[in-house]
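Chemist: Shown below is the structure under consideration.
The values are calculated or read from the model by the stated rules, or taken from the named source; none is laboratory data. Owing to the predicted nature of the structure, the values given are computational and were not obtained by experimental measurement. Every residue, glycine as well, gets a Cβ built from its backbone with ideal geometry; the counts of neighbours run over all protein chains shown. Heavy atoms of the whole protein, side chains included, go into the accessibility calculation; ligands, DNA and RNA do not. Shrake-Rupley method; radii C 1.70, N 1.55, O 1.52, S 1.80 Å.
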Amino acid sequence: MPVRSLPLFLVSAAILTTLTAEIADCRSANAADEAANVAGGALAGQRYRVIVSTDIGGTDPDDFQSLVHLLVYSDVLDLEGLISSPYGRGRKQDILDVIDCYEQDFAHLQTYSNRYPSPDELRALTKQGETERAPHSGVRQGTEGSQWIVSCARRSDPRPLHVLVWGGLEDLAQALHDAPDILPKLRVYWIGGPNKKWSPDAYQYIASHHPDLWIIEANATYRGWFTGGNQKGEWGNREFVRQHIAGHGALGGFFVRQKEDIKMGDSPSVGWLLRGTPTDPSQPGWGGRFVRAWDRPPAVFRRMTTTDDQIEEFGILELALAIPEQMPDTPEAELLVENQTLQGHLASDGTMRFRFCPKGSKTYRFAIRSNVPGLDGRKGGITAVPISPTAARRRSIRRRQWWTDDPSPGLAEGNHIGAKTVSRWRDDFLRDFAERMDRCVTPHTSPD
């Protein structure tokens, strides 16, 4: 019987069945492809050179948790540096405190692998980095941390050097400024978002002066480590810590004392190396999946903005405010925004400049405190708006190796774009982490 003689509803049903099957086949193929891709990484035998720059001990306890996570995987990575780069109270000693806990668990850990670095080896590669935010220029002077980045990058090793930045970009910016020849060797995974809020000047220096840098700017994707995914039973943020971290050696006890539930906001950078294809950010992995970045030039206003003005979330706002003719010999000014005090910079064009980065889409209000009468007490604001779902279509021509969060709506956890590219692997990376923490408390025994 010719098809045209079939009832219309049967033809429609047949077409729908065929399309549904084809879509299912495509989804299955994609799922299989992703499963295959995520099998790579350090846990599959690849060894990556790694430096971590962390603001541990500064404004958030999550770096302590992420450092515990890093250390129990340190046998599968070539760890070359641990740099204290805080804004706030944190210092090198905070890293050393975690290493002291590692030393207590080391006897058990090394029964699983003789590639765990010794506590003294870890202490030797721990360095102090910048302790203040960068000035408007983005750089200040070399630190032990920035010089260590340069030294490691210049080593005679054909492998790239992965720099995992858990805080501000000050030491990375300084290293690139002092030794631009190291740029081709670097592969940077930066936990941006709130850290970009604290580090807008170092960020803008790198974006303006080193556009060829290979970098993942994860402003929201990282939140998938603790937001979304399977949160049932033992996989819940608090229950996981209770069952799989508490009571697991000195490292487990230290983890719980910092926070009794999972935060670990910096761990996706480590997960990126553990499972996935670190050479290609467009491929899936425990640390997320990313798209080529679009150009985000700073939004420069030569007036005080109001809440009617808009900027893309995670963008850079720069105020360039004219200073009245009558001013003190040494004009000073601060922009007060929420819990931040941003120092003004007197530019050569006679303007006082401030940079600010909104860490989320909402309205911000600010005020100026200054010894310049024409600036002191002025108030303004800005409204940060969500990133357009089509932003990824505007790939940057200049920054061809700059990657960032995928703004596709289906990949967001709430308003955190890209977070599902991490949270989808929650069962996998937490189960593996639980097994690693078991090493701290139970030595490996070989079968007879």
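The rows are residues; the columns are (1) open to solvent by 30 Å² or more (accessible area, probe 1.4 Å); (2) within 24 Å of Gln401 (Cβ to Cβ).
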site: Asp212; (1), (2): yes, yes
site: Gly228; (1), (2): no, no
site: Gly233; (1), (2): yes, no
site: Arg238; (1), (2): yes, no
site: Val241; (1), (2): no, no
site: Gln258; (1), (2): yes, no
site: Val270; (1), (2): no, yes
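Chemist: Related question: Can you tell me which residue in the stretch 338-382 is surrounded by the most Cβ atoms within 10 Å (Cβ to Cβ), limited to those that are of a type in the set (Val, Ile, Thr) and over 18 Å from Arg133 (Cα atoms)?
Modeler: Initial filter on the stretch 338-382 (of a type in the set (Val, Ile, Thr)): 341, 351, 363, 368, 372, 382.
Filter once more, keeping what is over 18 Å from Arg133 (Cα atoms): 351, 363, 368, 372, 382.
Numbers: Thr351: 17, Thr363: 13, Ile368: 23, Val372: 20, Ile382: 25.
Taking the candidates together, the pick is Ile382.
Chemist: May I pose another question? Restricting the first residue to the stretch 124-146 and requiring it to be aliphatic (A, V, I, L, M), which pairs with a second residue that is at pLDDT 95 or above and open to solvent by 40 Å² or more (accessible area, probe 1.4 Å) meet a Cβ separation below 8 Å and a spacing of at least six or different chains?
Modeler: Leu125/Trp148; Val139/His177
Chemist: Find the residue count for the stretch 341-386, including only residues that are hydrophobic (A, V, I, L, M, F, W, C) and under 14 Å from Leu317 (Cα atoms).
Modeler: 9
Chemist: While we're here: Mind checking which residues of the stretch 305-331 are modelled with pLDDT under 95 and polar (S, T, N, Q)?
Modeler: Gln326, Thr330
Chemist: Moving on to the next point. So, restricting to helices (runs of 4 or more DSSP H) that lie completely within the stretch 121-207, which ones have at least 1 residues that are of a type in the set (A, V, I, L, M, F, W, C) and open to solvent by 10 Å² or more (accessible area, probe 1.4 Å)?
Modeler: So the answer is 144-153, 194-198.
Chemist: Read through the list (1) modelled with pLDDT of 95 or more; (2) open to solvent by 60 Å² or more (accessible area, probe 1.4 Å); (3) touching a Lys or Arg at 6+ places or on another chain (Cβ under 9 Å), then give the number of the only condition that Leu109 fails.
Modeler: Answer for Leu109: the failing condition is (2).
Chemist: If the Cβ limit is 6 Å and pairs must be 6+ apart or interchain, which residue in the stretch 388-417 that is of a type in the set (Asp, Glu) pairs with which residue that is open to solvent by 50 Å² or more (accessible area, probe 1.4 Å) and in a helix (DSSP H, G or I)?
Modeler: Going by the 6 Å Cβ cut-off, the qualifying pairs are Glu413/Lys420.
Chemist: On the basis of being out of contact with any Asp or Glu (no Cβ under 9 Å at 6 or more places or on another chain) and in contact (Cβ under 8 Å) with a residue 40 or more places away in the chain, does Asp427 make the cut?
Modeler: yes
Table: residues versus (1) part of a strand (DSSP E or B); (2) touching a helix residue (DSSP H, G or I) at 6+ places or on another chain (Cβ under 6 Å); (3) modelled with pLDDT under 95; (4) at negative phi.
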site	(1), (2), (3), (4)
Ser66	no, yes, no, yes
His69	no, yes, no, yes
Asp75	no, no, no, yes
Leu79	yes, no, no, yes
Tyr87	no, yes, yes, yes
Val98	no, yes, no, yes
Glu103	no, yes, no, yes
Ser113	no, no, no, yes
Pro117	no, no, no, yes
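Chemist: Sticking with this structure for a sec: Restricting to the stretch 46-56, and then to whatever is at pLDDT 95 or above and in a loop (DSSP other than H, G, I, E, B), can you tell me which residue is surrounded by the fewest Cβ atoms within 10 Å (Cβ to Cβ)?
Modeler: That would be Arg47.
Chemist: With (1) in contact with a Gly (Cβ under 6 Å, 6 or more places away or on another chain); (2) assigned to a loop (DSSP other than H, G, I, E, B); (3) not hydroxyl-bearing (Ser, Thr, Tyr) as the list, and Gly377 as the residue in question, which single condition is left unmet?
Modeler: (1)
Chemist: Can you tell me which residues in the stretch 291-337 are open to solvent by less than 70 Å² (accessible area, probe 1.4 Å) and basic (Lys, Arg)?
Modeler: Hits for the stretch 291-337 are Arg292, Arg296.
Chemist: In this structure, does Ala392 turn out to be surrounded by 15 or more Cβ atoms within 10 Å (Cβ to Cβ), in contact with an Asp or Glu (Cβ under 8 Å, 6 or more places away or on another chain) and closer than 30 Å to Asp308 by Cβ?
Modeler: Judged against the criteria, Ala392 is a match.
Chemist: Sticking with this structure for a sec: Of the residues Thr59, Thr18, which is more than 23 Å from Asp432 (Cβ to Cβ), surrounded by fewer than 18 Cβ atoms within 10 Å (Cβ to Cβ) and modelled with pLDDT under 50? Break it down into steps so the answer makes sense when it comes.
Modeler: Numbers: Thr59 fails: modelled with pLDDT under 50.
After ruling out the rest, the residue left standing is Thr18.
Chemist: When the stretch 400-410 is examined, which residues are found to be crowded, with 22+ Cβ neighbours inside 10 Å and either outside any strand (DSSP E or B) or of a type in the set (Phe, Trp, Tyr) (or both)?
Modeler: Trp402, Trp403, Asp406
Chemist: Now for a different question. Need the failing condition index for Leu67 against (1) surrounded by 17 or more Cβ atoms within 10 Å (Cβ to Cβ); (2) hydrophobic (A, V, I, L, M, F, W, C); (3) over 19 Å from Trp225 (Cα atoms), just the number.
Modeler: (3)
Chemist: Between residues in the stretch 84-95 that are over 13 Å from Glu132 (Cβ atoms) and residues that are open to solvent by 10 Å² or more (accessible area, probe 1.4 Å) and at pLDDT below 90, which pairs lie under 7 Å by C-beta distance while being six or more apart or on different chains?
Modeler: Final answer for the pair search is Asp94/Gly57.
Chemist: Confirm whether Arg439 is modelled with pLDDT of 95 or more, under 24 Å from Ala322 (Cβ atoms), in contact with a helix residue (DSSP H, G or I) (Cβ under 8 Å, 6 or more places away or on another chain) and buried (at least 20 other Cβ atoms within 10 Å of the Cβ).
Modeler: Here the answer is no, as Arg439 does not meet what is asked.
Residues are listed down the side, and each one gets a yes or a no for (1) crowded, with 22+ Cβ neighbours inside 10 Å; (2) acidic (Asp, Glu):
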| position | (1), (2) |
| --- | --- |
| Ala384 | no, no |
| Ile397 | no, no |
| Gly418 | yes, no |
| Val422 | yes, no |
| Phe429 | yes, no |
| Asp432 | no, yes |
| Ser446 | no, no |
